[in-house]
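The values are calculated or read from the model by the stated rules, or taken from the named source; none is laboratory data. None of the values given here were measured: they were computed from a predicted structure. Ideal geometry is used to build each Cβ from the backbone, glycine not excepted, and the neighbour counts take in all protein chains shown. Calculation scope for accessible area: heavy atoms of the full protein, side chains included, ligands and nucleic acids excluded. Shrake-Rupley method; radii C 1.70, N 1.55, O 1.52, S 1.80 Å.
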Amino acid sequence: MMVRRPATRSSSITPPPLLLLLLLFAHTCGQSLESSRQWWDLARTELAAALNVRDNWNVAKNVILFLGDGMGITASTAARIYKGQKKGMHGEEGYLEWERFPNCALIKTYNVDRQVPDSAATATAFLCGVKVNYETIGVDPLVSFGDCEASKNPQSHLTSILQWAQEANKSTGLVTSTRITHATPAASYSHVANRRWECDSQPGEEGHGCPDIAQQLVTHSPGKNIKVVLGGGRQALGATLGIPDESSCQRTDNRDLTREWLDAKLAAGHRARYITSANELRSINHDHVDYLMGLFADGHIPYVSDQAASSSNSPSLAEMATAAVKQLSKDDNGFFLMVEGGRIDHAYHNNQPQKALEETLAFDSAVASVLKDIDLDETLVIVTADHSHVLTINGYPKRGNDILGLADVSDVDGLPFTTLMFTNGPGFNITTTDGGHNVTRGDPSEYPLSNPEHKSQTAVPMKAFKETHGGEDVALYAA
């Protein structure tokens with residue numbers, strides 16, 4: 001990924017102006033902000049805060065990278081409004097946690113061979129610093145998709161910031177709401193020609209002889225040296241606890257890699273814990289643990305909107321992130337931690353904006369929780385996305401209109417349309433007549449728009465491939 005037009009140099013947040021901003025925001029966010037005086041006061045305070053930011057030229061002891069998978073600028077805007085509306089406000093005037101950071105940039109997301117990227121290649125770009133081919137992980141552009149033989153060449157293996165941190169004698173950690181072997185976390189520790197080679201049954205004949213991602217996490221460097229691993233994905237490691245997850249790969253080599261991981265750590269004299277529930281995570285005494293692996297689902301961790309209904313015992317992203325910080329902060333040399341809100345992306349692929357917005361607010365809460373536990377004088381915090389989605393905020397809805405609601409009525413078919421829509425995906429709802437020559441879209445007012453399962457309408461129908469990513473730049477925020 002290539003960074004464009006940074007707003008300032010690396011800086012630390014200066015508390016007084018930001019506190020003033022927050023106080024002003026708290027005073028005005030419940031009002032209409034219609035008077036000229038209020039707007040001028042807000043502008044002066046914003047300018048004072050910007051002018052009071054001071055550059056911090058020290059080398060960061062710690063680096064925390066927050067990655068909102070699929071959290072493009074449109075998705076962030078929608079989440080900002082949704083956050084405010086859940087608090088009874090209009091919503092547009094609010095802020096997500098990272099929107100108060102003093103530095104901002106735009107990032108190009110294309111892959112070497114694609115205008116619109118996937119998460120494997122983008123993760124390789126922002127973690128390893130090299131743009132690569134679509135759906136490849138941790139290998140240079142000389143390795144094409146599915147080329148097992150080429151991927152085994154050590155000369156084509158890329159090193160990640162996680163490995164660089166370990167080489168600098170820092171502790172490292174990964175936190176994700178997806179499988180720990182999924183594309184984004186995998187790019188920090190694995191080298192594969194196909195992102196789907198998460199366990200031994202996936203590569204097939206094409207990838208025969210290439211180690212799967214789960215194996216690389218447990219037995220290869222730098223994966224085996226990661227101090228904190230928290231997320232989903234038990235099944236790919238051969239440690240399923242329940243009904244097999246049909247969307248996850250199933251090991252066929254009878255290996256339980258979680259047991260191998262734990263045995264190896266204990267044999268080396270380390271204090272290690274492997275846990276599978278939120279209750280276990282909450283009871284951890286970090287002073288008595290050196291290595292921590294927590295896998296809280298056979299596949300991905302359930303959506304926030306689904307966890308109550310599914311009786312999930314999965315911790316929140318905020319709980320996992322703060323636990324990781326507590327564990328890693330014991331290292332006097334510092335640490336690198338990546339925290340991924342990975343299910344934002346999955347909900348948008350399904351054209352389900354309510355689920356995606358709830359996942360984004362869970363990501364926002366994780367950022368807020370971690371900021372309370374760290375010292376920004378010695379910690380670099382980055383919040384960004386790997387790509388966007390084909391989501392749009394459209395129409396001319398009134399100020400404070402429900403972001404999940406109706407925007408206006410079409411002057412062509414006379415039917416209402418929603419504020420949030422997609423250019424493609426499975427949310428299409430059409431009726432054809434006259435042998436398919438005339439097409440009529442469904443009436444969105446007949447559907448429960450705020451229901452997590454509702455799929456927003458799309459312009460182009462897609463089934464097997466769901467909704468696609470978007471190719472525009474994404475934003476990066478840093479403090």
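Reported count of residues in the range 190-220, each being in contact (Cβ under 8 Å) with a residue 40 or more places away in the chain and either farther than 12 Å from Ala236 by Cα or not assigned by the TED database to the domain that holds Asp140 (or both), is 13. Every condition in (1) among the basic types (Lys, Arg); (2) outside the structural domain of Asp331 (by the TED database); (3) buried (at least 18 other Cβ atoms within 10 Å of the Cβ) holds for Lys83 except the one numbered (2). Within the bounds of the range 153-176, is there any residue that is in a strand (DSSP E or B), open to solvent by less than 10 Å² (accessible area, probe 1.4 Å), of a type outside the set (A, V, I, L, M) and closer than 19 Å to Glu198 by Cβ? Yes: the range 153-176 contains one or more residues that are in a strand (DSSP E or B), open to solvent by less than 10 Å² (accessible area, probe 1.4 Å), of a type outside the set (A, V, I, L, M) and closer than 19 Å to Glu198 by Cβ.
With respect to the conditions (1) in contact with a Pro (Cβ under 8 Å, 6 or more places away or on another chain); (2) surrounded by fewer than 24 Cβ atoms within 10 Å (Cβ to Cβ); (3) part of a strand (DSSP E or B), Ile107 falls short on a single one, namely (1).
Taking the criterion of being among the hydrophobic types (A, V, I, L, M, F, W, C) and in contact with a helix residue (DSSP H, G or I) (Cβ under 8 Å, 6 or more places away or on another chain), the residues of the range 386-411 that qualify are Leu391, Ile393, Ile403, Leu404, Leu406. Among residues of the range 134-157 that are at positive phi, those with a beta-carbon under 6 Å from a residue that is outside any loop (DSSP other than H, G, I, E, B) and crowded, with 16+ Cβ neighbours inside 10 Å at least six positions away or on a different chain give the pairs Glu135/Ala120; Gly138/Thr124. Note on the range 383-479: enclosed strands (runs of 3 or more DSSP E) holding 3 or more residues that are at pLDDT below 95 are 430-433, 438-441, 458-461.
Under the condition of being open to solvent by 30 Å² or more (accessible area, probe 1.4 Å), of a type outside the set (A, V, I, L, M, F, W, C) and within 20 Å of the chain's Cα centre (by Cα), the residues counted in the range 373-404 number 1.
Comparison of Leu295, Leu262, Leu266 shows that the only residue that is buried (at least 19 other Cβ atoms within 10 Å of the Cβ) and touching a strand residue (DSSP E or B) at 6+ places or on another chain (Cβ under 9 Å) is Leu295.
The requirement of being open to solvent by 10 Å² or more (accessible area, probe 1.4 Å) and of a type in the set (A, V, I, L, M) is fulfilled somewhere in the range 305-315, by at least one residue. Only one of the numbered conditions (1) open to solvent by 40 Å² or more (accessible area, probe 1.4 Å); (2) in a loop (DSSP other than H, G, I, E, B) is violated by Gly91, and that is (1).
Contact annotation: residue pairs with Cβ atoms under 8 Å, 6 or more positions apart or on different chains, pairing a residue in the range 339-366 that is over 17 Å from Glu319 (Cβ atoms) and in the same structural domain as Ser177 (by the TED database) with a partner that is assigned to a helix (DSSP H, G or I) and among the basic types (Lys, Arg), are Ala347/Lys355; Lys355/Arg343.
Checked against the criteria, Ala324 does not count as in contact with a Leu (Cβ under 7 Å, 6 or more places away or on another chain), within 30 Å of Gly405 (Cα to Cα) and hydrophobic (A, V, I, L, M, F, W, C).
Can you tell me which of Asn424, Asn451, Asn429 is farther than 19 Å from Ala79 by Cβ, touching a residue at least 12 places away in the same chain (Cβ under 8 Å) and open to solvent by 30 Å² or more (accessible area, probe 1.4 Å)? Selected residue: Asn429, the only one of Asn424, Asn451, Asn429 that is farther than 19 Å from Ala79 by Cβ, touching a residue at least 12 places away in the same chain (Cβ under 8 Å) and open to solvent by 30 Å² or more (accessible area, probe 1.4 Å).
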